[in-house]
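Taking it in order: structure first as structure tokens, then the write-up.
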């Protein structure tokens, strides 16, 4: 059953990624910037949420679903920096910046998240640790998908060339695998089932 869940999630991840990129690059949606932006942002959220479900692996609890939704939400919120950097709520200005906004700087965000996760682990704060890992997956999947068009912004070294599709999927697999290893000892608690057979009337 677990293998089937993995296959379904991986298939969903590939389908969402492909459809998301095909739609936003279609000439019809180029003339509908609001729809294009919403679709692109939703794809970021869906990819992140699916990646976190894959990270949780053998603990498909209610908490894991909640964390997946949080991961998707954070991935969507990364694009808020476009509006902050432009100083405007107008989509045209927010999507036509000369430089990439601050939340799209991979090196800085990764360093911040790694610092938070490390401190949480050292101080024995499992909830903070998991939220940090959720944020890591959300940010990295967002940046990696953006890198298909613009590369990764690795300040202070500059930006990489655009990432090839096969490298994108390898990157997603690496994010999921590494996150699963780091969180395997901090899985959300599973709800114990009531077993009537364990009780007898004396």
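Points worth noting:
- Reported count of residues in region 20-50, each being out of contact with any helix residue (DSSP H, G or I) (no Cβ under 8 Å at 6 or more places or on another chain) and either in a helix (DSSP H, G or I) or closer than 18 Å to residue 70 by Cα (or both), is 5.
- Selected residue (criterion: surrounded by the most Cβ atoms within 10 Å (Cβ to Cβ)) from residues of region 119-146 that are within 23 Å of residue 77 (Cβ to Cβ) and without any contact (Cβ under 8 Å) to a residue 24 or more places away in the chain: 132
- Residue in region 88-97 that is surrounded by 14 or more Cβ atoms within 10 Å (Cβ to Cβ), in contact with a strand residue (DSSP E or B) (Cβ under 8 Å, 6 or more places away or on another chain) and modelled with pLDDT of 90 or more present: no
- Residue 67 in a helix (DSSP H, G or I) and either in contact with a strand residue (DSSP E or B) (Cβ under 7 Å, 6 or more places away or on another chain) or buried (at least 16 other Cβ atoms within 10 Å of the Cβ) (or both): yes
- Residue check, residue 68 within 15 Å of the chain's Cα centre (by Cα), closer than 19 Å to residue 24 by Cα and modelled with pLDDT of 95 or more: no
- Any chance residue 63 is over 14 Å from the mean Cα position of the chain (by Cα) and under 21 Å from residue 183 (Cβ atoms): yes
Residue-wise test of (1) closer than 12 Å to residue 140 by Cα; (2) within 22 Å of the chain's Cα centre (by Cα).
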site	(1), (2)
78	yes, yes
83	no, yes
92	no, no
97	no, no
100	no, yes
104	yes, yes
107	yes, yes
113	yes, yes
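The values are calculated or read from the model by the stated rules, or taken from the named source; none is laboratory data. Since we're looking at a predicted model, the values are computed, not measured. Quick reminder, even Gly has a Cβ in these numbers, built from the backbone with ideal geometry, and neighbours come from all protein chains shown.
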